[in-house]
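A short write-up of the structure that comes next.
The values are calculated or read from the model by the stated rules, or taken from the named source; none is laboratory data. Keep in mind that what you see is a predicted model, and the values were worked out from it rather than measured. Cβ placement follows ideal geometry from the backbone for every residue including glycine, while neighbour counts extend to all protein chains displayed. Areas reflect the complete protein model, heavy atoms only, side chains present, ligands, DNA and RNA absent. Shrake-Rupley method; radii C 1.70, N 1.55, O 1.52, S 1.80 Å.
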Amino acid sequence: MSAETNLLRELHWSPTALGIVMGAGGAGGILGALVWQPLERRWGPGPVMLGALSLNPLAQIPLVLVGPGLGGQIAIGIGMVIQTGAAVCHGGLQRAVRQELAPDELQGRAQATGAWLAFSLRPFAALAAGGLGTWLGLHLTLTLITVALVIPFLVLWNSPVRDMRTVAPAALTVTEEPANP
């Protein structure tokens, strides 16, 4: 059963309400695309990526806590705007940093690896979420997923990205050892 079906059944939403709330996520994506570059110029790529990743679990909380009614629809809609905006902001900035730092000859490999990590794991995540939802119930599964959204933030926090204020490819260039005569 999909998340959308659960919203319709568990929260007694109309299909129109669901469409409006899901559409709010699209508006958040547009907003994220518009703001990531100015935010990156102001604070640097590391803080902006961390900020965007920190918003994801927070924006998921309304989905776990709200009940039926207009208030829940508004809360989840706002969460969708924030979560989708943060995802687009992080994704755009992450790809820009990767393109800046990866040498030209590795651009294709870097893009393919990033795409593989982002997209190939989704079916397994969907299967796991469906299994957990069946085994543990919807509410507990959504709570576990919300907690799991903290993991990407923690990984990035414990990496050099945390201190990245500018993208400096020259500082990361590997120089070859001089050949022995």
- Task: Scan ALA87, ALA3 and give me the residue that is under 25 Å from LEU127 (Cα atoms), among the hydrophobic types (A, V, I, L, M, F, W, C), at pLDDT 90 or above and surrounded by fewer than 21 Cβ atoms within 10 Å (Cβ to Cβ).
- Result: ALA87
- Consider ILE74 against the criteria (1) among the hydrophobic types (A, V, I, L, M, F, W, C); (2) surrounded by 20 or more Cβ atoms within 10 Å (Cβ to Cβ); (3) at pLDDT 90 or above: it satisfies all of them except one. Which criterion is unmet? (2)
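Yes/no per residue for (1) open to solvent by 80 Å² or more (accessible area, probe 1.4 Å); (2) outside any helix (DSSP H, G or I); (3) hydrophobic (A, V, I, L, M, F, W, C); (4) modelled with pLDDT of 90 or more:
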| position | (1), (2), (3), (4) |
| --- | --- |
| GLU100 | yes, no, no, no |
| GLU105 | yes, no, no, yes |
| ALA110 | no, no, yes, no |
| PHE119 | yes, no, yes, no |
| PHE124 | yes, no, yes, yes |
| LEU132 | no, no, yes, yes |
| TRP135 | yes, no, yes, yes |
- Search result, residues across segment 121-161 that are of a type in the set (S, T, N, Q) and within 21 Å of GLY51 (Cβ to Cβ): THR146, ASN158, SER159
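Out of everything in segment 17-48 that is β-branched (Val, Ile, Thr) and open to solvent by 60 Å² or more (accessible area, probe 1.4 Å), what residue ends up being farthest from ALA75 (Cα to Cα)? Explain how you work it out, then say what you get.
Filtering segment 17-48 down to residues β-branched (Val, Ile, Thr) leaves 20-21, 30, 35, 48.
Going one step further and asking which of them are open to solvent by 60 Å² or more (accessible area, probe 1.4 Å), we end up with 20, 30.
On the way: ILE20: 12, ILE30: 19 Å.
Result: ILE30.
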- Contact list, first residue from segment 87-103 and under 19 Å from TRP157 (Cα atoms) and among the basic types (Lys, Arg), second anywhere and at pLDDT below 90 and open to solvent by less than 50 Å² (accessible area, probe 1.4 Å), beta-carbon distance below 6 Å, six or more apart or interchain, is ARG98/ALA110
